[in-house]
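What follows is calculated from the coordinates using simple rules that are stated; it is not laboratory data. Since we're looking at a predicted model, the values are computed, not measured. In this analysis, Cβ positions are derived from the backbone assuming ideal geometry, glycine residues included, and neighbour counts consider all displayed protein chains.
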Amino acid sequence: MAKLPPNTTLQPTALVHEAYLRLVGREGDQEWKSRGHFFGAAALAMRRILVEQARRKASLKRGGEQKRICMEEADLCIEEPSEDILALDEALDRLEEEDPGKAKIVMLRYFAGLTREEAAAAMGISLRTCDRQWRYILARLQQFLSEKKGPDRDDV
């Protein structure tokens, strides 16, 4: 969320609130096996919310092809990166098919915002293993995203 433009309609507080509602539900009787289980579920909930938001914005029904233009500061408007989130979601799905553990590290670090140390503890692995896997993950996601880009696309 920190990398999104300031005029994004989904604010961090709303994201956390929606994720909380999805995690706890109406009954509130969810039991977590461990801290890692909770953070994994929270990261997945946040990922789904961000992807749903990006899809909603891109849909034709809601004017997805139309671009917002600030009338006062038309030169300073920044386009929201909905395509980036959707491309990342597809890349994460591919990574999850290859290795669900590595996909969980991404969700903990990227969507839940955990540090290297916190993600390693949540996964029950050493920090060195987490760092080694993170380097592999970044390279693999970059490969997936560059394949998605293709030779004639420059905007993903």
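The H on the amide N of residue 114, modeled in the peptide plane, is under 5 Å from the matching H of 109, each at least 5 residues off or on a different chain.
Go ahead and run the numbers for FRET between residue 139 and residue 55, Cβ-Cβ distance against an R0 of 30 Å, rounding to 0.05.
After rounding, the FRET efficiency stands at 0.65.
Distance between the pseudo-spin-label points of residue 11 and residue 30 (7 Å out from Cα toward the beta carbon): 2.3 nm. Computed 3J(HN,Hα) for the range 92-97, one whole-Hz value per residue from the Karplus formula 6.51 cos²θ - 1.76 cosθ + 1.60 where θ = phi - 60°, is 5, 4, 5, 5, 5, 5, glycine and proline marked x.
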